[in-house]
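To keep things clear, I will list the structure first and then write my remarks on it.
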Amino acid sequence: MQFLRDTNFDFINRHRTGFLFSAIFICIGIVFLVIQGGPNFGIDFRGGVKVHAKFSKPLTETELQAKLSELGLETNLIKIAQGETVITETELQEELNDQGFDIKLELPPGETVITETELEAKLSSLGYDAKIQIESGKYPIENEAFISMGHRPEFQQQSINIPILSDPGDATATIIQISSSAEKAHLLNKDDAIELVDSNGRRRNVISSVELVADGTVKQLTLTEEIGIDLTENATIQIQASVGSILTEALLEGGDGWKAVPEGVNVTEVGPSVGRDLKWAALWSVLASIAILLLYISWRFEFRFSIGAIAALVHDVLITLGIFAIFSKEINLPTVAAFLTIIGYSLNDTIVVFDRIRENGISLRGTEYIDVLNRSINQSLSRTVITSITTLFVVVVIFTLSSSGEEINTFALALIVGVLIGTYSSVFIASPILYIWQQKEQEAKA
């Protein structure tokens, strides 16, 4: 299939316009990067906390920000995503009866709620062509929030003291009990490092197991080693809580009529040093891929072809980075993956054009080099357009449907920009460089 046949566009003579267009875009991107103090790195590269939480009732970003401000926590991003209506098993059966479905549909063990979409899928699996309509406002709406926050030194670690319930015995004891209702008792978990503090001294230890005893009112902590000091009933357990723990506690405590659902809080925390390591690893991965491509194209074609291809790749990454700066998009690991994908896509398109240039350079020996370049680009144009349109269709759909998922949405945006710019650079950056190189060689011989 060919959309464009027998085209004869003079691309090479318009390369100055292409260079000017690219230079303007790159300069605008650099200006925004300077204004913002560099790329807008996400927590993957600068360290921080990312939280995905579900709440018991709808809430606004203002309400959530007010709660976090009480703790002095400043977030880079709060995004509220409206969830679906959720109903319990009893409400589900009532809805089925009211809407004329004479069936008994039980939820699997452990499930207590179901969404409209899940309900329709279950009915469909039983052969019912069902479209469930839940009356607006009849049942609560489940809300989700996505919170991203960079590390601040004063909130990276915080000392928390939890009183023990009674004297554990002599220094050889390995079991300590605390009240399960004690403030911050939920922060004590298996494998946590703790410090036992008393007037008689302090001793570090590690929790090997946590279990509830006495009807759930007491938490019993088993330690990996003996206590080592004779504690009194005034002793406390001291732990260093991370930002993620503090943030989780604040969300579970909630605010005016709202709080996070305990099983609906998912915390991802990256330390500052880990973030720096990831940043350098990402940079070296991009530079290494470009260096390897330089060697490959030099071997597959000629050195001047590799210069044109690498210039196009650097051009694509710079423009994509500039657009991210213009729209203040975060750069995380998925974004780096998108950049590497862009490099691969752009290189593939460039090599197709280069292959045709090499073939025509042999078959059209004696023809002006500018005509060889233009004819090669025009012959590849149909394939380039079809490939770009089909690829764009997929990534635009992903971008549109992933509006509530920040990382996937950003990944798709990078690919959209990369496909457009990669196609453009193969024609207006990589190929003209071959022409300029050839002109310089002719001038040197003359």
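The values are calculated or read from the model by the stated rules, or taken from the named source; none is laboratory data. Remember, it's a predicted structure, so these values are computed and weren't measured experimentally. Backbone-built Cβ (ideal geometry, glycine too); neighbour counts: all protein chains shown.
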Run down ARG375, ARG383 and say which single residue is at pLDDT below 85, basic (Lys, Arg), part of a helix (DSSP H, G or I) and in contact with a helix residue (DSSP H, G or I) (Cβ under 9 Å, 6 or more places away or on another chain). ARG383
Here, strands (runs of 3 or more DSSP E) confined to the stretch 200-306 with at least 2 residues that are within 22 Å of the chain's Cα centre (by Cα) and closer than 20 Å to LYS190 by Cβ are 260-270
So is GLY422 under 30 Å from ASP44 (Cα atoms), in the same structural domain as GLY18 (by TED's automatic domain parsing) and either within 18 Å of the chain's Cα centre (by Cα) or not in a loop (DSSP other than H, G, I, E, B) (or both) or not? yes
Single unsatisfied condition, LEU364 versus (1) surrounded by fewer than 23 Cβ atoms within 10 Å (Cβ to Cβ); (2) at pLDDT 85 or above: (2)
Let me spell it out: the conditions are (1) among the β-branched types (Val, Ile, Thr); (2) buried (at least 19 other Cβ atoms within 10 Å of the Cβ); (3) under 39 Å from the mean Cα position of the chain (by Cα), and THR390 meets all of them except one. Which number is the exception? (2)
Residue count for the stretch 259-288, restricted to those that are of a type outside the set (Lys, Arg), within 19 Å of LYS54 (Cβ to Cβ) and at pLDDT 75 or above: 5
Collect the residues in the stretch 294-318 that are farther than 10 Å from ALA414 by Cα and β-branched (Val, Ile, Thr), keeping them in residue-number order. ILE297, ILE307, ILE310, VAL314
How do the pairs read when you match residues in the stretch 209-234 that are on the phi > 0 side of the Ramachandran plot and touching a residue at least 12 places away in the same chain (Cβ under 8 Å) with residues anywhere that are surrounded by fewer than 16 Cβ atoms within 10 Å (Cβ to Cβ) and hydrophobic (A, V, I, L, M, F, W, C), using Cβ under 9 Å and keeping only pairs 6 or more apart or on different chains? GLY228/ALA171
Is one or more of the residues making up the stretch 308-329 part of a helix (DSSP H, G or I) and acidic (Asp, Glu)? yes
Find all pairs meeting these conditions: Cβ atoms under 9 angstrom apart; at least six residues apart or on different chains; first residue within the stretch 39-54 and without any contact (Cβ under 8 Å) to a residue 12 or more places away in the chain; second residue not β-branched (Val, Ile, Thr). none
Residue within the stretch 397-409 that is surrounded by 16 or more Cβ atoms within 10 Å (Cβ to Cβ), not in a helix (DSSP H, G or I) and not hydroxyl-bearing (Ser, Thr, Tyr) present: yes
Kindly indicate which of ILE24, ILE43, ILE80, ILE35 is over 30 Å from ASP371 (Cα atoms), of a type in the set (A, V, I, L, M, F, W, C) and modelled with pLDDT of 80 or more. ILE35
